[in-house]
Structure formats: C-alpha cells, structure tokens
Amino acid sequence: MNEIIRKIEAEQLKENVPQFNVGDTVKVYGKIKEGNRERIQVFEGTVLKKQGGSTRETFTVRKFSNGVGVEKTWPLHSPNVERVEVVRRGKVRRAKLNYLRGRVGKRAKVKELVK
C-alpha cells in the first residue's frame, strides 16, 4: 500500500520549485476559478512558516491589505500555485515567525539579508 501512495505522490511533485525560506518576501501566483473562467492572482507577503515534506509541504504567507493582516497557506506542489517568486531575502533566526501576527507597521518588518 505504501509503495502505491509513494508512486502517486512522486508523480505530483513539481520539478522547478524555488528555494525560499522563512522571512523571505515572496509573490505567489495562484490560479483562481470564477465560474468558467480562470485567472491568476498575485499574493505578495512574508513567509511565516514552512511545514511538512514531499507533496504535503505547505507554506504560510502574511500580508497587510487595507490595514488588516491576511494570511494564506499554500501547498507548495499544488497545481493551483503557478509559481513562487522571491522578491527579497529576510534575515531571521527562527523557523516560525508567529510573533509577527501581533505587530503592525515598522515593527512587523523583517530585516533584509545582505550577502
């Protein structure tokens, strides 16, 4: 039974997955269906967390829209995620940035990683 599941999951993996980490600012190009039409909507924000592995890997992105914090969790290998584009790298020292939920304005920013 496990071999069958592994084989199905291996077929669903995407080949070109971008490398991004927690704290990075990313643009997620998501497909949205409205009736019989399909369009792509961009969701740009900071990556709060990455979890899971293989085909079940997800990441959560947080942005501010009209002064309200909005979070979306995206499956990394989903066909509804067209692509993920890294806008800037963030310098963080933890794996989950849950503390950003209670902050607004300049305090909610993540420093940029300079190499």
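Summary table
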quantity: Degrees between helix 2-12 axis and first principal axis of the chain (Cα, 0 to 90, nearest 10); calculated: 60
quantity: Top positive-direction residue, dipole computed over the chain with Cβ charges, set 2, 43, 99; calculated: 99
quantity: Inter-label distance, nm, simple model (7 Å from Cα along the C-beta direction), residue 5/residue 44; calculated: 4.0
quantity: Positive minus negative residues near residue 115 (Lys, Arg vs Asp, Glu; Cβ under 15 Å); calculated: +2
quantity: FRET efficiency, residue 83 to residue 104 (Cβ-Cβ, R0 25 Å, nearest 0.05); calculated: 0.30
quantity: Pairs from 50/106; 14/111; 33/111 whose Cα-Cα separation, in the structure shown, is over 26 Å; calculated: 14/111; 33/111
quantity: The range 2-108: relative contact order in percent, alpha carbon pairs under 8 Å with at least 6 residues between; calculated: 30
quantity: Expected 222 nm ellipticity per residue - DSSP helices of 4 or more, -39500 (n - 2.57), all of the chain, to 500; calculated: -3000 deg cm²/dmol
quantity: Cα-centred dipole magnitude for the chain, charges only on beta-carbon of K, R (+1) and D, E (-1), debye, nearest 20; calculated: 880
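A short reminder: the numbers here are calculations on the coordinates, not readings from a lab. This one's a predicted model, so the numbers in the text were calculated from it and none came from an experiment. All Cβ positions, glycine included, derive from the backbone under ideal geometry; neighbour counts span all protein chains shown.
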